[in-house]
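K.L.:
My structure is below; once you've seen it, I'll send some questions.
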Amino acid sequence: MDAPNRSNFYIGLALAVSSTIFIGGSFILKKKGLLRLSKKGSTRAGQGGYAYLKEWLWWAGLISMGIGEIANFAAYAFAPATLVTPLGALSVLVSAVLSSYFLSERLNIHGKIGCLLCIFGSTVMVLHAPQEEEVASLTAMAEKLKDPGFIAFAVCIVVSSLALILFVAPRYGQKNVLVYILICSVIGSLSVSCVKGLGIGIKELFAGTAVLKEPLFWALLICLVICISIQISYLNKALDIFNTSLVTPIYYVFFTTSVMACSAILFKEWLQMSADGAAGTVSGFLTIIIGIFLLHAFKDINFSLDSLPFYLHHGPQERTWNQPYIALPTDGRTTMDESKLTKERNAKSFFSESSDKRSNGTFNT
């Protein structure tokens, strides 16, 4: 990688990481503001639904989220989408860690392991991030969009999305969480491509190029607005019907996978990667997926080190291996005792019945 590409890569990486910090912190600020309102006896519904607008922490959270989204938008103009999109998982990590400190929300051992896995997976992805072909202008972007492979991919995305929206969603959308998430994910792959093109156009605009006269710039903008509108609509439907802890990790996996596939087809990122680089990128992505799953799937379970068996809390020198095992009284043990007593009663009745039959001459020896 030459010096200009390296500097662009680091700028995009810094913007992507800062974006996750601002977005993750925005949830904490807004939640903190709403909690302050509830302590004062004011709720969003209590004062016409606009009481939260008077809380400065809520506005700070909104500004923080806006800065994060702008930074994330700018990151696509400098770094590969295959790197920027998976790093969005760090916003979940930032939110989880900050909530344990500022909102007194306990982070159980599953969540801590999930945070470590997210950090480890993100680090692996950064070290093995693919380097996309240089696209420095809207003219070069137009050539990429004319590629037959991308055209076939875009047609498949549009056709599959229309089929899901018109035929599958009305029948199975409220029963299966994958329907709405698939719509958001496949449409999201096109929206990220539009963001990438618009980011390049804005860079050219600041450099003095008259990109506002380019039809491609406005076409990308219109396509982005349509894609984001569809994404928000169906993501809200999924969140209204299904549990957030179920929707968030599944949406992250499908959305990131779709974006990586679209980016690989459009920018040919994987053609310049070695085998170990591709394996590192995939393994880092899978590690992040596992971390996100642990953060969300078990966040409501009150599990800590105190829940482990007693003997794990002591060193080998403190364990008394020669002492007999004493089980704690549980419902399962009570059930087993009752079952054992029933078997003993049945055995006694059987032998007593057999004794009576032998006495009556039923059995001849």
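K.L.:
Compute, for residue 37, the solvent-accessible surface of its heavy atoms (probe 1.4 Å) with the complete set of protein chains present, and express it in square angstrom to the nearest 10.
P.N.:
The value for residue 37 is about 10 Å².
K.L.:
Relative to the Cα centre, what is the charge dipole magnitude of region 73-212, using +1 at the beta carbon of each Lys and Arg, -1 at the beta carbon of each Asp and Glu, and rounding to the nearest 20 debye?
P.N.:
Details: 8 positive and 7 negative charges, 109 e Å.
Its charge dipole is roughly 520 debye.
K.L.:
Of the GluC sites (Glu not before Pro) in region 54-130, which ones lie in a loop per DSSP and count no more than 10 other C-beta atoms within 10 Å? Please list the in-between numbers first.
P.N.:
On the way: sites: 55, 69, 105; in loops: 55, 105.
Nothing satisfies the criteria.
K.L.:
Another question about this same structure. Round to a whole angstrom and tell me the spacing of the C-alpha centers of region 192-258 and region 62-107.
P.N.:
16
K.L.:
Moving to a separate point now. With 29 Å as the limit, write out which pairs from 196/237; 112/175; 31/112; 213/237; 30/268 have Cα-Cα distances beyond it, or answer none.
P.N.:
Numbers: 196/237 27 Å; 112/175 32 Å; 31/112 21 Å; 213/237 38 Å; 30/268 40 Å.
112/175; 213/237; 30/268, as the Cα separations exceed 29 Å there.
K.L.:
Based on the mean of other beta carbon atoms within 10 Å per residue, what is the order of 79-91, 6-18, 151-163, most packed first?
P.N.:
Sorting 79-91, 6-18, 151-163 by mean packing, highest first, produces 79-91, 6-18, 151-163.
K.L.:
7 Å from Cα along Cα→Cβ at both residue 160 and residue 222: what's the point-to-point distance in nm?
P.N.:
2.6
The values are calculated or read from the model by the stated rules, or taken from the named source; none is laboratory data. Predicted model only: the values in this text are computed from it and were never measured. With ideal geometry, Cβ positions are generated from the backbone for all residues, glycine too; neighbour counts draw on all protein chains shown. Accessible surface areas use protein heavy atoms only, side chains included; no ligands, DNA or RNA. Shrake-Rupley method; radii C 1.70, N 1.55, O 1.52, S 1.80 Å.
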